[in-house]
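Take a look at the structure set out below.
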Amino acid sequence: MAEHNRLGVWGENLAREYLIANGYAIVNLNMRVGHKEVDLVAQKGSRIIFVEVKTRSTDFVDPLEAVDDKKIRRMVRVADAYVSQLVHPFEPQFDIITIVGTPETGHRLTHYPDAFMPPLSGAR
């Protein structure tokens, strides 16, 4: 496995542990719809939370910059497909978790709950 893939898996595991420790129930990991993916799907109360995890070894470039309009549209499409299959109504929420660091150097995790609202149109 390439080093950047290992770093990403490590970051997703940290994010999952963080969410569980903060009262979230993880309901899906790396959920795919076609070629689109959401890293984590969690539930807390009446909300279903779609989480994008961005891990970088250094803060030379802000990990939030990787969550652009294209990524947001993809997340919304996956979320729409997921929510349409649910029996019980849940309020969707989109979170971003950034992690800067490595297993060797330590890390800084930042959680951005309700990071964005889905676009009203053009989420194709």
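Let me know the charge dipole size of the range 51-105 about its Cα centre in debye, to the nearest 20, where only the beta-carbon of Lys, Arg (+1) and Asp, Glu (-1) is charged. Don't skip to the end; give the middle numbers.
Values: 7 positive and 10 negative charges, 55 e Å.
With only Lys, Arg, Asp and Glu charged at Cβ, the dipole is about 260 debye.
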Exercise for review: Show the residues, 5+ positions off or on another chain, whose built amide H is closer than 5 Å to the amide H of Ser57.
Suggested key: Gly101
Practice item. Find the centroid of the Cα atoms in the range 83-123 and in the range 1-68, then give the distance between the two in whole Å. Key: 7 Å
Check your understanding: By how many degrees, between 0 and 90 and to the nearest 10, does the Cα long axis of helix 3-21 differ from the longest principal axis of the chain?
Key -> 60 degrees
**Study point:** CD proxy at 222 nm, helix term only [per DSSP H run n ≥ 4: -39500 (n - 2.57); per residue of the chain; nearest 500]
**Key:** -9000 deg cm²/dmol
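Provide the three semi-axes, in whole Å and in decreasing order, of the ellipsoid equivalent to the chain as defined by the square roots of 5 times the Cα gyration tensor eigenvalues.
Whole-Å semi-axes of the equivalent ellipsoid: 24, 16, 13.
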Check your understanding: What is the Cα coordinate range of the range 50-107 on the first, second and third principal axes, sorted by size from largest, in whole angstrom?
Key -> 44, 22, 13
Point to revise | Degrees between helix 69-83 axis and first principal axis of the chain (Cα, 0 to 90, nearest 10) | key: 50 degrees
Check your understanding: Modelled label-to-label distance, Tyr18 and Tyr112, 7 Å Cα→beta-carbon offset: nm?
Key -> 1.2 nm
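No value in this document is a laboratory result; all are computed from the given coordinates. Just so it is clear, the structure is predicted and the values come from calculations on it, not from any experiment. Quick reminder, even Gly has a Cβ in these numbers, built from the backbone with ideal geometry, and neighbours come from all protein chains shown.
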